[in-house]
Amino acid sequence: LKIKEAEFIISAVKPEQYPVDNLPEVAMAGRSNVGKSSMINKLCNRRHLARTSSTPGKTQTLNFYQINKAYYIVDLPGYGYASVSKTLRAGWGPMMENYLRNRPQLRGVIQLVDIRHPPSKDDIAMYEWLTHFQIATAVIATKSDKISRGQHGKHVKVIRQTLNVPKEVPILTFSSETGEGKEDVLDLLGYLWGT
Ligand code: GTP
Ligand code: MG
């Protein structure tokens, strides 16, 4: 898959604001600060399409990016960040859950985890929740530039075991810094969208 065009459409806080053009969607899930928004920028070759920050909790709404006028990538708020106020969390928990459960256009979710660390309790809960609701879920171990290549396999194995990812489901590695894994992630997106 080649991304020729990427356009920010809307930052939605309620279903009435979701796009109505009925294009296939893939959502990016993961802990705050894991690199969801950075991945979207790297995949689209745009440095400032999605807002990123070294402070966790940057993305707090459902952000829809239209790709090649034919698909959407949906950037989700991160979970698992304690300092984000309770009111905010109370607001986006149901919002995300509602989106993930009741969106016919949703073709799959890409769950990002940090390649350096075993998945957290929140990561495990998220992955279980997605598979429980039979949402097609792929896992990407990101920030792969933070450890040496030789360590990738070992870390991916821990992630697979901790999340209990079936062996037929690949876990991709990716870096928004170096672009490592970009082609594979684009192919995965194309597959999930149904191109
Ligand atoms: P929230 O919006 O808070 O949920 O976070 P997010 O998952 O969208 O993370 P974001 O893309 O804003 O990135 C968080 C921080 O990690 C930023 O400082 C990024 O520069 C950094 N970062 C993201 N991806 C990578 C990566 O692949 N490698 C390295 N070294 N840093 C990364
Ligand atoms: Mg973000």
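Below is a table of values for the structure above.
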{"quantity": "Subset tally (residues that are farther than 17 Å from Gln111 by Cβ, away from ligand 1 (no atom under 16 Å from the Cβ) and either aromatic (Phe, Trp, Tyr) or surrounded by 15 or more Cβ atoms within 10 Å (Cβ to Cβ) (or both)) for region 11-57", "calculated": "4"}
{"quantity": "Boolean, Val109 is in contact (Cβ under 8 Å) with a residue 60 or more places away in the chain and under 16 Å from the mean Cα position of the chain (by Cα)", "calculated": "yes"}
{"quantity": "Of all residues making up region 16-40, the number that are farther than 25 Å from Pro118 by Cα and either among the charged types (D, E, K, R) or not in a loop (DSSP other than H, G, I, E, B) (or both)", "calculated": "4"}
{"quantity": "Filter result (of a type in the set (D, E, K, R), free of Cβ contacts under 8 Å to residues at least 60 places away in the same chain and in contact with a helix residue (DSSP H, G or I) (Cβ under 9 Å, 6 or more places away or on another chain)) within region 161-191", "calculated": "Lys167, Glu177, Glu180"}
{"quantity": "Top-ranked residue in region 130-184 [being assigned to a strand (DSSP E or B) and within 16 Å of ligand 2 (Cβ to nearest atom); ranked as surrounded by the fewest Cβ atoms within 10 Å (Cβ to Cβ)]", "calculated": "Ile140"}
{"quantity": "Filter result for the condition that a residue is modelled with pLDDT of 95 or more and among the β-branched types (Val, Ile, Thr), over Thr162, Thr195", "calculated": "Thr162"}
{"quantity": "Residue among Tyr81, Tyr71 that alone is among the aromatic types (Phe, Trp, Tyr), within 12 Å of ligand 1 (Cβ to nearest atom) and under 25 Å from Val139 (Cβ atoms)", "calculated": "Tyr81"}
{"quantity": "Meets criteria (farther than 21 Å from Arg107 by Cα and either away from ligand 1 (no atom under 16 Å from the Cβ) or among the polar types (S, T, N, Q) (or both)) for Gln151", "calculated": "yes"}
{"quantity": "Residues (small (Gly, Ala, Ser) and either in a loop (DSSP other than H, G, I, E, B) or crowded, with 22+ Cβ neighbours inside 10 Å (or both)) located in region 96-129", "calculated": "Ser120"}
{"quantity": "Total residues in region 34-77, condition at pLDDT below 90 and either of a type in the set (Asp, Glu) or within 8 Å of ligand 2 (Cβ to nearest atom) (or both)", "calculated": "4"}
{"quantity": "Subset of region 45-61 [under 11 Å from Ser176 (Cα atoms) and either in contact (Cβ under 8 Å) with a residue 40 or more places away in the chain or of a type in the set (Asp, Glu) (or both)]", "calculated": "Asn45"}
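The values are calculated or read from the model by the stated rules, or taken from the named source; none is laboratory data. Computed from a prediction, not measured in an experiment: that's the story for all the values here. Ideal geometry is used to build each Cβ from the backbone, glycine not excepted, and the neighbour counts take in all protein chains shown.
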